[in-house]
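Below is one structure, written out as structure tokens; the observations come after it.
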Amino acid sequence: MSRLGKRPITVPNGVKVSVNAGTVLVEGPKGKLTKSLPTSIKVEVKDGKIHFERPNDEGQSRADHGLVRSVINNMVKGASQGFQRVLISVGVGYRMSVQGNKVNLSVGYSHPVVFELPQGVTAQVQDQTKLTLSGADKELLGSVADKIRKVRPPEPYKGKGIRYEGEQIQLKEGKSAAGSK
């Protein structure tokens with residue numbers, strides 16, 4: 001049995017969870033999230049907790065058991081608290097700014113790159129190099145952060161580019177250091 005799938009999720013105050021034929025709806029102060037999930041896993045809400053049961057011990061059922069619990073847990077956390085991802089631009093002249101739902105990135109190209117944020121994701125910039133993305137949907141937030149990072153990923157020689165906060169870049173030695181050995 002999945003250790004993770006066995007644990008029930010406690011629903012915080014102010015969050016409503018409803019399950020209808022493979023679709024889970026979570027409403028909270030930070031937003032409203034809907035997700036369709038595998039119907040093989042039985043999800044029920046009782047006494048302020050969400051419980052999960054699988055019908056058998058087949059490989060797919062076991063895999064779905066923990067997955068469904070994790071997805072619903074992220075939905076509950078997102079609807080109640082929300083999620084954040086922080087991106088940092090490193091490089092001379094690299095800047096970020098936010099105008100409405102668009103993020104302007106000046107990251108060494110001949111033109112600024114304009115990235116339009118999807119609905120449900122908001123952005124703030126501190127001191128032109130630190131971009132904070134926030135939203136209720138963890139999956140959407142992660143994909144948006146990844147797309148922005150792909151505009152200029154960190155290069156391995158000087159570390160210039162857009163990276164996640166706390167990400168360690170493994171720097172390589174340059175050509176001159178390699179020849180002196």
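Computed from the coordinates by the stated procedures, all read-outs in this text should not be read as laboratory data. Keep in mind that this is a model prediction, so the values were computed, not measured. Reconstructed Cβ throughout: ideal geometry from the backbone, glycine too, with neighbour counts over all protein chains shown.
Here are a few things to note about the model shown:
- Principal-axis analysis of the Cα atoms of the chain puts helix 138-149 at an angle of about 10° to the longest axis.
- Taking GluC sites (Glu not before Pro) across segment 97-181, the ones in a DSSP loop with at most 14 further Cβ atoms lying within 10 angstrom of their Cβ are E165, E167, E173.
- Rounded Å value of the spacing that divides the Cα centres of segment 89-149 and segment 52-83: 30
- Straight-line reach from K150: taking Cα to Cα under 25 Å and skipping same-chain neighbours fewer than 8 places apart, the lysines in range are K102, K130, K138, K158, K160, K172.
- Of all aspartates and glutamates in the structure, the ones whose alpha carbon falls short of 16 Å from that of K77, not counting any fewer than 8 places away in one chain, are E27, D137, E139.
- Mean residue ellipticity at 222 nm, helices only, the chain: -7000 deg cm²/dmol; runs of at least 4 DSSP H residues each add -39,500 (n - 2.57), and the sum is divided by the number of residues.
- In degrees, nearest ten, helix 59-80 long axis to first principal axis of the chain (Cα): 70
- Across segment 97-114, rounded Karplus estimates of 3J(HN,Hα) from the backbone phi angles (6.51 cos²θ - 1.76 cosθ + 1.60, θ = phi - 60°) give 8, 10, 10, x, 9, 10, 10, 9, 10, 10, 10, x, 8, 6, 9, x, 9, 9 Hz, Gly and Pro being marked x.
- If you take all other residues with their beta carbon under 15 Å from the beta carbon of V121, and give Lys and Arg +1 and Asp and Glu -1, the sum is +3.
- Neighbour-limited loop hits for chymotrypsin sites (Phe, Trp or Tyr not before Pro), segment 90-181 (at most 15 other Cβ within 10 Å; DSSP other than H, G, I, E, B): Y109, Y157
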